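Novice: Let me begin by handing over the structure; questions about it come next.
The values are calculated or read from the model by the stated rules, or taken from the named source; none is laboratory data. Fair warning: this is a prediction, and the values are worked out from it, not measured in the lab. Cβ coordinates were reconstructed from backbone atoms using ideal geometry, including for glycine residues, and neighbour counts include every protein chain displayed. Each accessible area value is taken on the protein alone, full model and side chains, heavy atoms only, with ligands, DNA and RNA left out. Shrake-Rupley method; radii C 1.70, N 1.55, O 1.52, S 1.80 Å.
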Protein chains: 2
Amino acid sequence: MVFAGQGDARRSMSLLWRAGRPEQPGRRPGPGPRPGLSVDAIVTAAIAVADEDGMAALSMRAVGERLGRTAMALYTYVPSKGELLDLMYDAVHAELPTEYDDTGDWRAGLTDWARDGLEFHLRHPWVLQVSQARPVLGPHEYAGLDTLVRLLNATGLEAHLVRRLAGTLSHFVRGCAGTVAEARQAAAVTGESDEEWWFARSALLGEVAPDFAERYPSLVAMETGSTPQPPAPEPDGEAVPYLEREARETFTAGLGVLLDGIEAAVRRAGTPRT
Amino acid sequence: MVFAGQGDARRSMSLLWRAGRPEQPGRRPGPGPRPGLSVDAIVTAAIAVADEDGMAALSMRAVGERLGRTAMALYTYVPSKGELLDLMYDAVHAELPTEYDDTGDWRAGLTDWARDGLEFHLRHPWVLQVSQARPVLGPHEYAGLDTLVRLLNATGLEAHLVRRLAGTLSHFVRGCAGTVAEARQAAAVTGESDEEWWFARSALLGEVAPDFAERYPSLVAMETGSTPQPPAPEPDGEAVPYLEREARETFTAGLGVLLDGIEAAVRRAGTPRT
DNA sequence: GAAGTTACTTTATGGCGTAAGGAGTCGCAA
DNA sequence: TTGCGACTCCTTACGCCATAAAGTAACTTC
């Protein structure tokens, strides 16, 4: 699942970087009927399907249907589903902002970047399932990376370390996004709210593992010592669900710790006294 | 793909926690023919398939075949493929060590934990594709979490923060593991070594994006300022491939930064002077 | 023995990605 | 003007997949 169409690497890269004729749907092409579709249209439709119905619902048939075509019509424009996934992945990364205030303190810049990254992945949770399958190397992904590196350069740390911090920050953001996406999907699939779901599971856990407290003492101690606002039912509008709020707080706290760690590195580098 | 079998939650939990008769393959059961399989045997076989051939190759047929049965025979023991995935996920987590030196400094403990976690995910890369689909809540996953919390408690930080640090550390480890797994898979699928693959891609990039250096100045500057041992062909044995070494260095550096950040928090908490 | 329960098989349904081949459309060279 | 060849898009078909339904045989309990 979600594997690369490791086909012709050259064709794949040309598609990703759109190194061909500047396509438009209604243009006069060579011989043959005027193309009714375009790579961009297909990619846009596929992204819509994945956004709305999730990765599991993304099939060539579904994408074709959304465009009023059969599944096979897509293969005129795109060599395989794997390539289409690569194109989707890169296209959607165009949403990522590239402009940040990199004149002031780097902390603010990186915080904004991380928050934007989190929201991006929550808008397109399927991206998390593509990316871990293999590197894609498209222009917009590179743009995002370039932005992050630029922000990190404001720390004044050496290139070596910047490179690794970029990886670390990305891992962190994607991990947090994954947890939130998980929570949302669980809520969507079961139809229960987070609280209901969690309550039901806790009850089952008690049934099935009556010795829970003895088996996981540290866990239970932490649970009783930290669970903050269990119900906290916000009366107005739809409150942010429990698990999602949890995950967001992990995001905030974890990001703070990470930036503290970077700050320590900056201080160490500032006084080069190994 | 890789979704939960969100079936009967009670049955699912009973299976996970093995809250039933203590099964053994050849025992005298009730009426009917003696069972030739067992949940454990199926889970073990499924893990073997996923380890050897990857998640994409994990089908009910493949697992059945490995046990000398048809795909349908498995459904006597396991309600669906989704449940089987949950069982695999939890079973494999039994490999995670639970004993660490938590008397000494927490830094060493967490470093060991992270390293074990990385190796674990590299032994079973498919775990990364299961976990982000939804929470599983099995006994061995809980054991792993309990261990991590215990190690974090050695910092003396409050429960609140410990909970979030646990999430942060897990995200980090899984992210790093994902990158390494990616690199390995790319190498396995294409048959090229990392160096070859990367070299070929770079050439294609130059072809397809001749303005690369202008578009991504920060990235290029970092690249030229940091690429450490490009070839470094270790003559003996099989060297660790390039991309994998990169990822491992990100792991080491990122972990260091994270622990530095935790240390900062510990220091702040030690002198409670908000 | 008969009845009931269970392990496992075969068969079938409706999905998937995509290979193969065919029908209709159009630019262009003859 | 005609017809070739390139091109888009369709239908059909193949071999996978998960799994529902129904059948067969083994075994325990009455």
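Novice: What is the average number of partner chain Cβ atoms found within 10 Å of a Cβ in A:242-252?
Specialist: Rounded to a whole number, the mean comes out at 2.
Novice: Shifting gears a bit: Mind checking which of A:170, A:80, A:14 has the largest fluctuation in a GNM of chain A, springs on alpha carbons under 10 Å?
Specialist: Of the options given, A:14 has the highest mean-square fluctuation.
Novice: Hey, another quick one. How big is D for the protein assembly as shown, in µm² s⁻¹ as a whole number, if Stokes-Einstein is applied with the Kirkwood radius of its Cα pairs at 4 °C and 1.567 mPa s?
Specialist: Approximately 51 µm²/s, per Stokes-Einstein.
Novice: Follow-up. With springs only between Cα atoms under 10 Å, which of A:251, A:199, A:212 fluctuates most in a Gaussian network model of chain A?
Specialist: Highest fluctuation among the options: A:212.
Novice: For the range A:9-93, what class follows from the C-alpha gyration tensor (a ≥ b ≥ c being the square roots of its eigenvalues): rounded when a/c is under 1.5, otherwise prolate if a/b is larger than b/c, else oblate?
Specialist: Oblate, because a/c is 1.5 or more while a/b does not exceed b/c.
Novice: Averaged across the residues of B:259-268, what count of C-beta atoms belonging to other chains lies within 10 Å of each residue's C-beta?
Specialist: For peptide B:259-268, the averaged partner shielding equals 5.
Novice: Still on this structure, please answer the following. Per residue, how much accessible surface does the range A:136-223 expose to a 1.4 Å probe? Answer in Å², no decimals.
Specialist: 39
Novice: Residue B:92: net charge of surrounding residues, Cβ under 12 Å, Lys/Arg +1, Asp/Glu -1, itself excluded?
Specialist: -4
Novice: Going by accessible area, probe 1.4 Å, with all protein chains left in place, what is the ranking of A:11, B:150, largest first?
Specialist: Listed by decreasing accessible area, they come as A:11, B:150.
Novice: Give the angle, between 0 and 90 degrees and rounded to the nearest 10, that separates the Cα long axis of helix A:139-153 from the longest principal axis of the Cα atoms of chain A.
Specialist: The angle comes out at about 40 degrees.
Novice: Right, here's the next one. If the viscosity is 0.890 mPa s and the temperature 25 °C, what Stokes-Einstein diffusion coefficient in µm²/s follows for the range A:60-188 when Rh is the Kirkwood radius over Cα pairs?
Specialist: Taking Rh from Cα pairs, D becomes 150 µm²/s.
Novice: If you don't mind, there's one more thing I want to ask. To two decimal places, what compactness ratio does the range A:97-270 give when its Cα radius of gyration is scaled by 2.2 N^0.38 Å?
Specialist: Ratio of Rg to 2.2 N^0.38 Å for the range A:97-270: 1.24.
Novice: How large is the accessible surface per residue of the range B:27-97, computed with a 1.4 Å probe and reported in Å² as a whole number?
Specialist: I get 49 Å² per residue for the range B:27-97.
Novice: In the range A:186-210, which residues become less accessible by 40 Å² or more once every protein chain is in place, relative to the chain on its own, using a 1.4 Å probe?
Specialist: A:197, A:201, A:204, A:205, A:208
Novice: Order the following by accessible area, largest value first: A:88, B:60, B:72. Probe radius 1.4 Å; ligands, DNA and RNA are ignored.
Specialist: B:72, B:60, A:88
Novice: Got a sec? Which residues in the range A:77-101 would a label at residue A:61 touch, if it sits 7 Å along Cα→Cβ and we count backbone N under 17 Å?
Specialist: Once the point is set 7 Å along Cα→Cβ of residue A:61, A:81 turn out to lie under 17 Å by backbone N, inside the range A:77-101.
Novice: Report, to the nearest 10°, how far helix B:106-123 tilts away from the longest principal axis of the Cα atoms in chain B, using its own Cα long axis and a range of 0 to 90°.
Specialist: 70
Novice: Further, regarding this structure: Working from the pairwise distances between different alpha carbons, so that the mean of 1/r is found and then inverted, what is the range B:135-223's Kirkwood radius in Å?
Specialist: 17.0
Novice: Whole percent per 10 Å bin, from 0 to the bin with the longest distance: what is P(r) over all C-alpha pairs of the range B:83-154?
Specialist: All Cα pairs, binned at 10 Å, distribute as 20, 50, 26, 5, 0 percent.
Novice: Right, something else. On the full set of protein chains, 1.4 Å probe, figure out the accessible area of residue B:249 and give it in Å² to the nearest 10.
Specialist: In the full protein context, residue B:249 sits at about 60 Å².
Novice: Carbon-plus-sulfur fraction of the accessible area of the protein assembly as shown, 1.4 Å probe, in percent?
Specialist: In the protein assembly as shown, the share of accessible area belonging to carbon and sulfur is 55 percent.
Novice: Could you work out the mean count of beta carbons from other protein chains within 10 Å of each residue's beta carbon in A:37-45?
Specialist: Mean shielding by partner chains, rounded to a whole number: 0.
Novice: Further question on the same structure: Which value in nm describes the separation of the simple spin-label points at residue B:11 and residue B:189, placed 7 Å from the Cα toward the beta carbon?
Specialist: The two pseudo-label positions are separated by 3.5 nm.
Novice: R0 = 51 Å: FRET efficiency of residue B:220 with residue B:103, Cβ-based, nearest 0.05?
Specialist: 0.60
Novice: Something else: Using only Cα atoms and rounding to the nearest 10 degrees, what angle (0 to 90) does helix B:217-226 make with the longest principal axis of chain B?
Specialist: 90
Novice: Continuing with the same structure: Return one quarter of the surface area of the convex hull spanned by the alpha-carbon atoms of the range B:70-121, equal to its mean projected area, in nm².
Specialist: 4.8
Novice: Keeping every protein chain in place, order A:240, B:63 by accessible area at 1.4 Å, biggest value first, i.e. largest first.
Specialist: Of A:240, B:63, the descending order of accessible area is A:240, B:63.
Novice: Nearest 100 Å², what total accessible surface is buried between chain A and chain B (probe 1.4 Å)?
Specialist: Protein heavy atoms only, the A-B interface buries about 7300 Å².
Novice: Go ahead and set up a Gaussian network model of chain B, Cα springs under 10 Å, then flag whichever of B:256, B:178, B:117 fluctuates most.
Specialist: B:256
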